[in-house]
Amino acid sequence: MSGHSKWATTKHKKAAIDAKRGKLFAKLVKNIEVSARVGGGDPSGNPTLYDAIQKAKKNSVPADNIDRAVKRGSGDGADSVNYEEIMYEAYGPEGVAVLIECLTDNRNRAVADVRTAITRNGATMADGGSVQRLFTRKGVVTVSKSYEVEEGRKSVTHTVDEDQLLEATLEASVEDILDQGEVFELISDPNDLVGVRKAVQAAGIDYDSAEVSFVPSFNQQVDDVEAARKIEKIVEILDDLDDVQNVFTNAEYSDTVEEALEVEED
């Protein structure tokens, strides 16, 4: 489970970009709606909904939007919704595996949009199961290395290191802790996700998100900067689609490629 997982870092960076805020809000609200539909509208009895709401709050989604999403998902509102979950699979440059998770109320639109984004940007659609078998469903709790907490009338900066997380989760079933630059990711079996999240909370440590994600079983090394640019573009275009909820890849960039991409971002 060790190694650098680029998809996680990319997702974390995107969440902080103001230009993406509208898209991000829509995805977070949709996640709340689906969680409420599956497990009911009471967060105290629905851990998935609890974490979906917490993630939305972390990203400054207004409380009214969150409340309406819970009502729609649980069928309490006049505009209740029903989304279908669909997985699409593709191969990008350098043989990188791409897994596309969609939540949609229109399957035909979703597949058309995904197929267009893939085929027009140097990737190819893959047969069902051929890519998904390269990923494993895992619980992922994300913790920022540094975060602000309001204490009284002032804001206090808290820092977290790996030793603190190890100590906090000794009794929880954590499989690995990954250093992803600005954040740590605590990896577990999906069934142990809530236990790991609660252990982090019990230690007084703030967390960014707790969700079941797809983690690559192995990383595909990418040493070519141009290929990496194409992969990043494919992920960004897919991520911008309304029906796409998450995009995962197994791309692992060399240090040279990472440095080149960071320079371009700056």
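Things worth noting here:
- Converting phi to 3J(HN,Hα) with the Karplus coefficients 6.51, -1.76 and 1.60 and the offset θ = phi - 60°, region 167-180 yields 5, 5, 10, 4, 8, 8, 8, 7, 8, 6, 10, 9, 8, 10 Hz in sequence order, with x at every glycine or proline.
- Residue pairs, from the table LYS55/LYS230; LYS27/LYS71; LYS57/LYS198; LYS27/LYS154; LYS57/LYS145, whose Cα atoms sit over 26 Å apart: LYS55/LYS230; LYS27/LYS154
- Across the chain, the convex hull enclosing all Cα atoms gives 140 Å³ per residue.
- Highest mean first, the peptides 60-66, 154-160 sorted by other C-beta atoms within 10 Å per residue fall in the order 60-66, 154-160.
- Under the simplified labelling scheme, the PHE25-ASP176 pair shows an inter-label distance of 3.7 nm, with each label point 7 Å from Cα along Cα→Cβ.
- Expected 222 nm ellipticity per residue - DSSP helices of 4 or more, -39500 (n - 2.57), all of the chain, to 500: -13000 deg cm²/dmol
- Given in Å, the Rg to one decimal and the Dmax to the nearest whole number for the Cα atoms of region 136-216 are 12.7, 44.
- Karplus-based coupling profile of region 125-142, in residue order and whole Hz: 5, 10, 5, x, x, 5, 8, 4, 5, 8, 10, 10, 6, 9, x, 10, 9, 9, with θ = phi - 60° in 6.51 cos²θ - 1.76 cosθ + 1.60 and x standing for Gly or Pro.
- Extent along principal axes [Cα atoms of region 61-186; Å; largest to smallest]: 51, 46, 29
- Peptides 35-48, 186-199, ordered by how many other C-beta atoms sit within 10 Å of their residues on average, highest first, read 186-199, 35-48.
- Computed over region 108-266, Kirkwood Rh from alpha-carbon pairs, angstrom: 18.0
- Net length gained if the chain between GLU264 and LYS57 were fully extended (0.36 nm per residue, minus Cα distance): 71.5 nm
Values in this text are rule-based calculations from the coordinates and carry no lab data. Computed from a prediction, not measured in an experiment: that's the story for all the values here. All Cβ positions, even for glycine, are placed from backbone atoms using ideal geometry, and neighbour counts span all protein chains on display.
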